[in-house]
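The values are calculated or read from the model by the stated rules, or taken from the named source; none is laboratory data. Keep in mind it's a predicted model, so treat the numbers as computed, not measured. Glycine gets a Cβ as well: all are built from the backbone with ideal geometry, and neighbour counts include every protein chain shown. Note: accessible area is taken over every heavy atom of the protein model, side chains too, but ligands, DNA and RNA are not part of it. Shrake-Rupley method; radii C 1.70, N 1.55, O 1.52, S 1.80 Å.
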Amino acid sequence: MKYIDLRSDTVTVPLMEMRELMITAAVGDDVYGDDPTVIKLENMAADMVGKEAALFVPSGTFGNQLAIVTHTKRGDEIIVGSDSHVLMHEVGAAAVISGVQTRSIDIIDKYMDPLKLKKMIRSKDIHYPDTGLICLENARSDGTVLSLQNMMEIKKVADEFNIPVHLDGARYFNAVKALDIGNKDMARYVDSINICLSKGLCAPIGSLLIGTKIFIEKARKYRKLMGGGLRQTGILAAPGIYALENLTERLAIDHENAKYMAGKLNDITGINVYKNRLDINMVFFTIPEDILKGEDLITGLLKKGIKINGSEDGEYRFVTHYYISKDDIDYVIKAVIELIQ
Ligand SMILES: *Cc1c(COP(=O)(O)O)cnc(C)c1O
């Protein structure tokens, strides 16, 4: 049975074109620097965002944590968004791997207040840890994007104190499309970026950590330390190349489909869509329990061939991607209406 899977854009399976490229990919031992397909992917990614170098890593979590360990020293404090993936969904890895403590900053109405950020940066005091890194996330996992202007303001504060900025750009190209800017425009305001190939870009595995040559050289050694030195990785890099060449522009279609679905969902009595969080391929909404119980929604939709996640803090999240068409959305809307009636 073919499911309509709205749980995440991570559910996207590789396209047939990707699988064909995997079969014929030129490969070598990447720990020796011998894999031409990996080298091609890394150079292509760095060029696309206007940075010097890139490194293929197994996952987005790996890329973020590798960035943290490379930028900081043990005992540092890093400043992260209070709802960020790095803080909320990476198993406390920053404490375990890098030995850093996190200090969280609230992002309110798609805005990180640079003055608030400035106040959080530690002065030289014998009691204080050093502020070693500022982590941003764009696009954000709550469906919104930070403006370019805001990123510029943050970078300005960071530069004043000589603190590097890392961007968790798991959905970097979603943010680029949402802001209608060039691929390089956002990268300018950060020192390193993590970009996931395996979300909306449909590759089976992998992320890219991107930054200066010196930073990536240092990260390469830490990647080995963390067990991420892979061998004939060209097989995995080949679909990544296909994704960067062919699938970044079409993310705009996922955004359009999310807005289409949001409009239809919001028309259903009782459903409340968060209309100010429709910047990318995600729709957040609530359904009061007296209209439809959470478990009835989940099991009811599953019976109709639709997979969704349970609510988090009362919010549902439906995610559009390569395998979700407008017809699929119409079918989902019909199914939700049937369950409510
Ligand atoms: C998915 C995601 C990650 C981590 O990616 P994994 O490959 O699942 O480890 C990091 N940051 C954000 C914002 C994400 O959405």
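At a threshold of 8 angstrom on Cα-Cα distance, excluding pairs fewer than six apart, so keeping six or more, what relative contact order does region 15-246 reach in percent?
32 percent
Could you check the simple spin-label distance between Glu338 and Glu245, using points 7 Å along Cα→Cβ, in nm with one decimal?
Here the answer is 4.2 nm between the modelled labels.
Could you tell me which of the pairs Lys51/Lys259; Lys110/Lys156; Lys177/Lys199 are separated by over 27 angstrom between their Cα atoms in the structure shown?
Pairs exceeding 27 Å: Lys51/Lys259.
Could you compute the FRET efficiency for Asp267 and Glu17, with r as their C-beta to C-beta distance and R0 at 35 Å, rounded to 0.05?
Step by step, r from the Cβ atoms, then E = 0.40.
At a 1.4 Å probe radius, carbon and sulfur cover how many percent of the accessible area of the chain?
Roughly 53 percent, rounded to a whole number.
Starting from a Cα-only point model with no solvent, please compute log10 I(q)/I(0) by Debye for region 15-246 at q = 0.09 1/Å.
-0.35
In square angstrom, what is the accessible area per residue of the chain with a 1.4 angstrom probe?
Value returned for the chain: 45 Å² of accessible area per residue.
Gap in Å between the Cα centre of region 27-44 and the Cα centre of region 286-341?
Value for the Cα centre distance between the two parts: 42 Å.
Could you pull out every residue, at least 5 positions away or on a different chain, whose amide H is within less than 5 Å of the one on Ser207? Hs are placed 1.01 Å off N in the peptide plane, and Pro or chain starts have none.
The list, which skips near neighbours in sequence, is Val57, Ser59, Leu197.
5 Å is the cut-off here: which amide hydrogens, built 1.01 Å from N in the peptide plane, fall below it relative to Thr131, excluding neighbours closer than 5 in sequence?
Excluding prolines and chain starts, which carry no amide H, the hits are Glu77, Arg122.
What ³J(HN,Hα) values, in whole Hz, does the Karplus curve 6.51 cos²θ - 1.76 cosθ + 1.60 give for region 330-335 when θ = phi - 60°, with x put for Gly and Pro?
Running phi through 6.51 cos²θ - 1.76 cosθ + 1.60 with θ = phi - 60° gives 4, 5, 4, 4, 4, 5 Hz.
Mind listing the phi-derived Karplus ³J(HN,Hα) values for region 311-327, rounded to whole Hz, using 6.51, -1.76 and 1.60 with θ = phi - 60°, and x for any glycine or proline?
Per residue, the Karplus-derived 3J(HN,Hα) values read 6, 10, 6, x, 9, 9, 10, 9, 10, 9, 6, 3, 9, 10, 9, 4, 4 Hz.
Using θ = phi - 60° and the Karplus curve 6.51 cos²θ - 1.76 cosθ + 1.60, what whole-Hz ³J(HN,Hα) does each residue of region 142-156 get, with Gly and Pro shown as x?
Karplus-based 3J(HN,Hα) across region 142-156 equals 9, x, 10, 10, 7, 6, 4, 4, 5, 5, 5, 4, 5, 4, 5 Hz.
Please report the spacing between the Cα centers of region 49-79 and region 94-113 in Å, no decimals.
One Cα centre to the other: 14 Å.
Less than 23 Å apart at the alpha-carbon level, and either on another chain or at least 8 residues along: which lysines does that give for Lys303?
List returned: Lys2, Lys264, Lys293, Lys326, Lys334.
Just how far, in whole angstrom, is region 209-229 from region 131-159 if you go by their alpha carbon centroids?
23 Å
Once amide H atoms are built 1.01 Å from N in the peptide plane, which residues 5 or more positions from Asp5, or in another chain, come under 5 Å H to H?
Answer set, sorted by chain and number: Lys307.
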